[in-house]
Amino acid sequence: MPAVVVIGGQWGDEGKGRVVDFHARYCSVIARYSAGTNAGHTIINNKGKFALHLVPAGIFYGDKTCVIGNGVVIDPDGLLTELSMLHERGVDTARLLISNRAHVIMPWHRVIDSADEELRGGNAIGTTGTGTGPAFHDKVARIGIRVADIVDQQRFPERLREVLDYKNRVITSLYQRPALDFDEILAEYTAFGDRLRPHVADTTSIVQEAHWRGEQILLEGAQGSLLDLDSGTYPYVTSSVPASVASGAGIGIGLGPTAIDRVVGVYKAYQTRVGNGPMPTELFDENASTLREGGGGVPGTAEYGTTTGRARRVGWFDGVLARYTSRLNGVTSVALTRLDSLTGFDSVKICVAYELDEERITTLPASLDDAQRLVPIYEELPGWSQDVSDVRNLGDLPAEARQYVRRIEQLVDAPIDMISVGPQRDQAIVTRDIFGGRL
Ligand code: IMP
């Protein structure tokens, strides 16, 4: 059975976790294929509210194989903390598998992440500080340490010595920070390897076999397409290799492109971003604080980062970027999240084009300078005041909310099959079953 990819269509934090949590019931394998601890998913279900960074959102079902694929970089300490938290809250994690080819975040990666940000000064990216970017740099530079290394007690010391000698030179001479201690890291990471070993596997073969048997596989993206290294607002992007976009999914899990036939694009009903970089529709007025604090939605579901707790930048829905990322990912189905947060505005705006140097454009310029000077051209639509959190049928939404959803659908150029109207698993309007009649 072909695989489905779930991706974020904006700058991350679109609510992919809840969409994966929703669709996971129809799949037997749920796999993460890119990014690392920098990612954050919030999931609310019958067991409570959970913030996940590395464990796939399918873990709550108990009978699913959950995979952290070769395309992910793993902070073992963070992963073990996440597993303990899940265990303490009664979630069975025995079916979690970790690719032996995945790369590992090492102590020098966090040192370099913060030192690089300091060196960038006023042009800092605003990274999550988790060491994720530098771990991907090392992967590409071919001096990374992989899960297979830390679980191999015989060979790990040799590999660590080789890489640490190199990294300590960089840390002491270029960054002028104290060298890191070999014995300390060896002991710490050997212990991590011991604890993770029961989960470590050749996940590539396991996923390929499941695909060959005809099982439904769900590939869970992290971050958003506009943070993608190739296609995002460079250099204000994340460093994931393979890409955060759908095309990276096969590489990051070990399947070919023909294995994937559906792509679910998750879009928030407005725009948010954490960290620096261009955001044409960003708001700074009272609408910004209203949206940041959860708008007309549930209080306490406000826009603060799952990983860093930073306040998210907020803005009106950007239809230009939404169409761009929909095509970039080959989106076949859209999940629109947090429609409830827009309740209570007199009017709502959607950006349909930009003005740049007195010209109207409908594409994202590659030049950072140009991207920072874009002036959004908005369509203004009437707002709605009726609470939508209990609505389960499209026809029961206020006419103004339906008009808003339809306009986004035209701009994204793909059918909106799911609309979330609250944080709980069942608070959604599902208009089409992407798994073919099983809802
Ligand atoms: P890094 O991935 O930590 O290097 O951060 C690079 C950029 O990506 C920064 O702007 C981060 O705020 C952003 N970023 C990384 N992960 C996420 C995420 O899961 N959600 C939203 N933004 C993210």
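The values are calculated or read from the model by the stated rules, or taken from the named source; none is laboratory data. Keep in mind the model is a prediction, meaning the values are calculated, not measured. Positions of Cβ are generated from backbone atoms using ideal geometry, with glycine treated the same way; all protein chains shown enter the neighbour counts. When the accessible area is computed, the model is the full protein with side chains, heavy atoms only, and any ligands, DNA or RNA have been set aside. Shrake-Rupley method; radii C 1.70, N 1.55, O 1.52, S 1.80 Å.
Within the chain, no helix built from a complete DSSP H run reaches 27 Å or longer along its own axis (Cα positions) while carrying a mean Kyte-Doolittle hydropathy of -0.5 or higher.
For the stretch 292-370 and the stretch 59-120, write down the distance between their C-alpha centroids in whole Å. The distance from the Cα centre of the stretch 292-370 to that of the stretch 59-120 comes to 28 Å.
On full extension, the segment bounded by residue 191 and residue 49 gains 48.2 nm, given 0.36 nm per residue less the C-alpha separation. In the chain, helices alone account for a calculated mean residue ellipticity at 222 nm of -9000 deg cm²/dmol, with every DSSP H run of four or more residues adding -39,500 (n - 2.57). For the stretch 250-372, the fraction of C-alpha pairs more than 21 angstrom apart is 49%. Over the stretch 24-154, the pair-distance histogram of Cα-Cα distances with 5 Å bins from zero comes to 2, 10, 19, 22, 18, 13, 9, 5, 2, 0 percent, rounded to whole numbers.
Remark: relative contact order (the chain) = 19 percent; criterion is Cα-Cα distance under 8 angstrom and separation of 6 or more residues.
Annotation: amide H of residue 377 within the under-5 Å range of 352, 353, 354, 355, sequence separation 5 or more or interchain, hydrogens built in the peptide plane. This model, with +1 at the C-beta of Lys and Arg and -1 at the C-beta of Asp and Glu, gives the chain a dipole about its Cα centre of some 900 debye. Selection among 201, 136, 78 by position relative to the dipole of the chain gives 201 as farthest towards the positive end (Cβ unit charges, Cα centre).
Using a simple spin-label model with pseudo-atoms 7 Å out from Cα toward Cβ, residue 402 and residue 367 lie 4.5 nm apart.
In this structure, the pairs whose alpha-carbon distance is over 21 Å, taken from 64/268; 47/268; 16/139; 16/47; 49/349, are 64/268; 47/268; 16/139; 49/349.
Along its principal axes, the chain has C-alpha extents of 66, 50, 39 angstrom, given from the largest down. For the stretch 160-279, the direction-averaged projected area of the alpha-carbon convex hull comes to 11.4 nm². Normalised per residue, the accessible area of the chain is 40 Å², obtained with a 1.4 Å probe and no contribution from ligands, DNA or RNA.
Rounded to the nearest 20 debye, the dipole size of the stretch 103-199 about its Cα centre is 260 debye, using +1 on the Cβ of Lys and Arg and -1 on the Cβ of Asp and Glu. Report in % the part of the accessible area of the chain that belongs to carbon and sulfur, leaving out ligands and nucleic acids; probe 1.4 Å. On the chain, the fraction of accessible area on carbon and sulfur atoms equals 49 percent. Taking the DSSP bridge list for the stretch 1-126 and keeping only pairs wholly inside it, about 35 percent are antiparallel. Among beta bridges from DSSP that stay inside the chain, the antiparallel ones total about 40%. Each Lys and Arg contributes +1 and each Asp and Glu -1, all at the Cβ; summed about the Cα centre of the stretch 39-166, the dipole is approximately 400 debye.
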